[in-house]
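Worksheet: one structure, shown below.
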Amino acid sequence: MKLSLCNEVIAELDFAAQCDMAAKLGYMGLEVAPFTLGDEPHLMSASEAATYRRQAEAAGIEITGLHWLLITPKGLSITTPDATLRARTTDVLERLVGLCAMMGGSVLVHGSPQQRAVPEGDSRDIALERAMEVFARVAAAAEREGVTYCLEPLARRETDFVNTVAEAVEIVDAIDSPGFRTMIDTSAAGATETETVSDLINTWLPRGKIAHIQVNDRNRRAPGQGEDQFIPIARALQKNAYEGVVAVEPFDYIPDGPTTAARAIGYLQGCLQGAACYSGS
């Protein structure tokens, strides 16, 4: 599996410096939040995308994918009753799928809780019907580009739309595209699911529904900076021969972004080594 760092953690650095720091810390890649690249990242040219890709390659890492897809441009929504706005949102997402492929990434993570909330006065079923139209389009785009678009279950404290892996799997099955999957965010899962994260991995990863993992503590800090235990998670990933990306995505940087990034990878590497020793004992 590949350990990747979500680049907004060290966004105070320019992109080349982000790549250099991540590589020196031992990460294999950066997972990029498009809003860190500009106000209209979906309009980036192929040559601009290639420049970012070359900067990563020069540092000895890769761009593993994109996340936080709908922060910019502002005002987007996949559940809005405004058909024109939904069409614009779909266009942005399809373009971001293309951007991911141009940058060398393999996965996009659809979180963006505010941009998928059930509109006031609407039912979840109506919101879901609208969102399904968007997901079908972006799944087709992902399939064409050879990348995987992942719907991220988020905690109820963040959104009222798709909170569990089981809910996300229902949508994945309905879309029925190899370019569309779900994923596990350990903080969101720890706050919402009735099963442990390791049990979720053991349940869904063998069924081919999980294409990505993001790791953070329920306290919104990095792995190792809270009460959550990550060795069982590492053991579950190893047991199921997971070969995808594990992206570090804290939201609360204590004491700062670079230190958080350094502490997180050291902790995770220790968890992976400990889990491997346990499995071999």
Checklist outcome for this item: Subset of region 120-149, residues under 27 Å from ARG218 (Cα atoms) and in contact with a Ser or Thr (Cβ under 6 Å, 6 or more places away or on another chain), comes to none
Checklist entry - Do we have GLY105 as under 22 Å from MET1 (Cα atoms) and surrounded by 19 or more Cβ atoms within 10 Å (Cβ to Cβ) here? => result yes
Next on the checklist: Among the residues of region 168-189, are any in contact with a Ser or Thr (Cβ under 7 Å, 6 or more places away or on another chain), surrounded by 23 or more Cβ atoms within 10 Å (Cβ to Cβ), in contact (Cβ under 8 Å) with a residue 60 or more places away in the chain and among the hydrophobic types (A, V, I, L, M, F, W, C)?
Outcome noted: no
Checklist entry - Being under 17 Å from the mean Cα position of the chain (by Cα), aliphatic (A, V, I, L, M) and either surrounded by fewer than 21 Cβ atoms within 10 Å (Cβ to Cβ) or closer than 19 Å to ARG157 by Cα (or both), is that true of even one residue in region 223-235? => result no
Item to check | Selection status of THR80, more than 20 Å from ALA142 (Cα to Cα) and modelled with pLDDT of 95 or more | outcome: yes
Item to check | Single condition THR79 does not satisfy, out of (1) more than 16 Å from CYS100 (Cα to Cα); (2) surrounded by fewer than 21 Cβ atoms within 10 Å (Cβ to Cβ) | outcome: (2)
Item to check | Residues satisfying the stated conditions in region 230-245, i.e. part of a loop (DSSP other than H, G, I, E, B), farther than 28 Å from SER177 by Cβ and out of contact with any Cys (no Cβ under 9 Å at 6 or more places or on another chain) | outcome: none
Checklist entry - If you take the residues of region 201-225 that are touching a Ser or Thr at 6+ places or on another chain (Cβ under 9 Å) and aliphatic (A, V, I, L, M), which of them is nearest to ARG263 (Cα to Cα)? => result ALA222
Checklist entry - Mind checking which residues of region 29-55 are in a helix (DSSP H, G or I), farther than 12 Å from GLY105 by Cα and of a type outside the set (Val, Ile, Thr)? => result PRO34, PHE35, LEU37, PRO41, HIS42, LEU43, ALA46, SER47, GLU48, ARG54, GLN55
Checklist entry - Between residues in region 49-63 that are crowded, with 16+ Cβ neighbours inside 10 Å and residues that are charged (D, E, K, R), which pairs lie under 6 Å by C-beta distance while being six or more apart or on different chains? => result ALA56/GLU62; ALA59/ASP20
Item to check | GLY244 being in contact with a His (Cβ under 8 Å, 6 or more places away or on another chain), within 22 Å of ILE63 (Cα to Cα) and not β-branched (Val, Ile, Thr) | outcome: yes
Checklist outcome for this item: Within region 246-278, of all residues that are buried (at least 18 other Cβ atoms within 10 Å of the Cβ) and not in a helix (DSSP H, G or I), the one farthest from the chain's Cα centre (by Cα) is TYR253
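The values are calculated or read from the model by the stated rules, or taken from the named source; none is laboratory data. Treat the numbers as computed from the prediction; the structure is a model and nothing was measured. Here the Cβ is made from the backbone with ideal geometry for all residues, glycine too, and neighbour counts use every protein chain on show.
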